[in-house]
Amino acid sequence: MSETVVGERGMVVAPHRAAAEAGAEILRAGGNAIEAMIGAAATIAVVYPHLNGLGGDAFWLIAEPGRPPRAIDASGAAGSFATRERYEKKGYHRVPKRGVDAALTVAGAVSGWGLAAGIAGALGGRFPRVDLLSDAISRARDGTPTSPSLYRATGQYLAELAPVPGFASHFLAAGKAPPQGTLLKQPPLADTLDHLARAGFDDFYKGDVASEISADLEAVRAPVTREDLRKHEARLMKPLVVELTDATIFNTPPPTQGLASLVLLGLFDRLGVKRGESFEHIHGLLEAAKYAYALRNAEAANADGDVSEFLERSWLDARVQAIDMRHAGLFSLATEPGDTVWLGAIDQRGLAVSFIQSLFYSFGSGVVLPRTGIVWQNRGFSFSLDPKADNALEPGKKPFHTLNPPLARFRDGRTLCYGTSGGDWQPLVQAEVFTRYARFGMTPGDALDAPRFILSTKPDRPRGEVTMEGRFDPDVIRALANAGHDIRVAVEPYVHSMGHAGVLVRRADGRFLGAADPRSDGAAISA
């Protein structure tokens, strides 16, 4: 079960309790929500190293009361040696998931911490970096108990990751996954965080840390160079916006799939579904998701273009007419799982942050850099080696991201931060959580506890396969099957791959409500 936590002075939600507590402690000490998120992001990089870290990417939505939200793109581009010719000479037909050749993009997460810290300072934040990172540094140096999630992931991917440079010495004990509760110490990562705390986040790209990173990447012949690190910087973006009946929802533009998340909710809002957990609720979300994913794929390469036309009332009004509320439509788009962390923070003043940080797959490429203790991502797996593809691999080009951190403002004065892990399934899981809370009156805890469903592509199933947790009303499952959906009911009551979500609300009266996913090791912590 997921408990709804109530607070008065701010709140942080994270999929690991230690990260939520680190952020909440910063709020208690007078820090703002951005500072709390930097502290929480650093801690969760230490305690959840399989899902995110300094070697990954991140995206931010920052909403100051009374002002339009700002977005941060802290994602990296393909390295100088990440050419199609390189992979073709090695006999690859597609970019590999694991290993040195999967570690092909610059890690952008730390640049986002730096840009966010600048915004925090402009808003009155004065917390020293050393204090923001102190919890993460001590947990990396002194050790943190292996979480259930880390233990599961290490065992699940052991065979494919054990041969990858640096992985076994960093994460395995005598060649095996350390049991749950085993103390994981990461001294090189502690030293890296400590150096960044003193020298500044930019040192990751232009200073001593950059030298250590590039030396390790060069030693294993990865495609990313010192010059690639030096040229990287996080950037501010204008968020995408969709207007619903009672709320305005914000999300990040391409290269993320924020467009899909907003289109999905925009279409569902127009279906006029009145009852939650009904056939109409689930069928409506599934059919809206099919249109949203198709549009996302068509626009995935439009990283610098304007996609706001797809969020206009007229476009959504026209598109929703094509949704058949009695029969399942076709679905043939490829879907991939993904592991990440979503966190939210809102302070007493109402400054709100929706944040997502990731290595893409569990442990990313699997490459662990010995000098710094950094696990490098495999986000470049999204690239294609087909030169005619929209997402064709090129040095300096950013891959498509499943990451997207949503945030909502309601007409009644509420602010909602919410999000989830789950790769391609993020928009659908987000929509399930949002509609249960915002449309059908569930508490944040109940909205996260409720059973979930995901939509996947199967070659022999033209309408896709709908996997449902085993707690749905059997009559609803039968109605979905009768409408043409191919249904698979999971044995487990809570399926971890269906996302580690979170919900955080600041009401108009200044009170806070929050909850963390029962599928995670997380918590909502009040300041």
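The values are calculated or read from the model by the stated rules, or taken from the named source; none is laboratory data. Because the structure is a prediction, the values reported are computed rather than measured. Using ideal geometry, Cβ is built from the backbone for each residue, glycine included, and neighbour counts are taken over all protein chains shown. All accessible areas refer to the heavy atoms of the entire protein, side chains included, with ligands and DNA or RNA removed. Shrake-Rupley method; radii C 1.70, N 1.55, O 1.52, S 1.80 Å.
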- Message: I'd like to check which strands (runs of 3 or more DSSP E) are fully inside the stretch 1-84 and have at least 2 residues that are in contact (Cβ under 8 Å) with a residue 12 or more places away in the chain and in contact with an Asp or Glu (Cβ under 9 Å, 6 or more places away or on another chain).
- Response: 10-14, 57-63, 70-74
- Query: From the residues in the stretch 295-314 that are surrounded by 14 or more Cβ atoms within 10 Å (Cβ to Cβ) and either in a loop (DSSP other than H, G, I, E, B) or touching a Gly at 6+ places or on another chain (Cβ under 6 Å) (or both), which one is modelled with the lowest pLDDT?
  - Reply: Ala301
- Message: Quick check on the stretch 337-355. Is at least one of its residues surrounded by fewer than 23 Cβ atoms within 10 Å (Cβ to Cβ), in contact with a strand residue (DSSP E or B) (Cβ under 7 Å, 6 or more places away or on another chain) and closer than 23 Å to Ala260 by Cα?
- Response: no
- Message: Of everything in the stretch 225-235, what is out of contact with any Ser or Thr (no Cβ under 7 Å at 6 or more places or on another chain) and either under 15 Å from Trp113 (Cβ atoms) or open to solvent by less than 40 Å² (accessible area, probe 1.4 Å) (or both)? Give them in sequence order.
- Response: Arg235
- Task: Could you give me the residue pairs with C-beta distances under 8 Å whose first residue belongs to the stretch 228-240 and is free of Cβ contacts under 8 Å to residues at least 60 places away in the same chain, whose second residue is of a type outside the set (Val, Ile, Thr) wherever it lies, and which are 6+ apart or on separate chains?
- Result: Arg230/Tyr205; Arg230/Lys206; Arg230/Ala210
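Tell me, please, whether a residue that is of a type in the set (Ser, Thr, Tyr), in contact (Cβ under 8 Å) with a residue 24 or more places away in the chain and surrounded by 21 or more Cβ atoms within 10 Å (Cβ to Cβ) can be found in the stretch 175-188.
no
Is it the case, given these coordinates, that Asp509 is open to solvent by 20 Å² or more (accessible area, probe 1.4 Å), of a type in the set (D, E, K, R) and within 20 Å of Ala22 (Cα to Cα)? Show your work before the answer.
Details: open to solvent by 20 Å² or more (accessible area, probe 1.4 Å): yes; of a type in the set (D, E, K, R): yes; within 20 Å of Ala22 (Cα to Cα): no.
Against the criterion (open to solvent by 20 Å² or more (accessible area, probe 1.4 Å), of a type in the set (D, E, K, R) and within 20 Å of Ala22 (Cα to Cα)), Asp509 does not qualify.
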- Taking the stretch 380-413 as the search range and keeping residues that are out of contact with any helix residue (DSSP H, G or I) (no Cβ under 9 Å at 6 or more places or on another chain) and over 24 Å from Leu333 (Cα atoms), which one is surrounded by the most Cβ atoms within 10 Å (Cβ to Cβ)? Leu407
- Task: Would you point out the residue of the stretch 460-496, among those that are among the aliphatic types (A, V, I, L, M), within 25 Å of the chain's Cα centre (by Cα) and in a loop (DSSP other than H, G, I, E, B), that is nearest to Ala516 (Cα to Cα)?
- Result: Val495
- Give Gly338, Gly329 a once-over and let me know the one that is closer than 26 Å to Ser497 by Cβ, modelled with pLDDT of 75 or more and not β-branched (Val, Ile, Thr). Gly329
- Message: Can you tell me which condition Asn391 does not meet? The list is (1) under 30 Å from Ala515 (Cα atoms); (2) in contact with a Phe, Trp or Tyr (Cβ under 6 Å, 6 or more places away or on another chain), and all the others hold.
- Response: (1)
- All-but-one check, Glu85 against (1) touching a helix residue (DSSP H, G or I) at 6+ places or on another chain (Cβ under 8 Å); (2) open to solvent by 10 Å² or more (accessible area, probe 1.4 Å), failing number (1)
- Message: Are there helices (runs of 4 or more DSSP H) fully within the stretch 106-156 with at least 2 residues that are in contact with a His (Cβ under 6 Å, 6 or more places away or on another chain) and crowded, with 17+ Cβ neighbours inside 10 Å? List them.
- Response: 148-156
- For Pro165, state whether it is modelled with pLDDT under 95 and out of contact with any strand residue (DSSP E or B) (no Cβ under 6 Å at 6 or more places or on another chain). no
- Message: Please verify whether Ala42 is open to solvent by less than 10 Å² (accessible area, probe 1.4 Å), modelled with pLDDT of 95 or more and over 24 Å from Thr105 (Cβ atoms), treating the condition exactly as stated.
- Response: no
- For residues in the stretch 425-444 being more than 24 Å from Glu64 (Cβ to Cβ) and open to solvent by 10 Å² or more (accessible area, probe 1.4 Å), which is modelled with the lowest pLDDT? Trp425
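When the stretch 249-294 is examined, which residues are found to be of a type in the set (Val, Ile, Thr) and open to solvent by less than 10 Å² (accessible area, probe 1.4 Å)?
Here is the first cut: in the stretch 249-294, the ones of a type in the set (Val, Ile, Thr) are 249, 252, 256, 263, 273, 282.
Passing the criteria: Ile249, Thr252, Thr256, Val263, Ile282.
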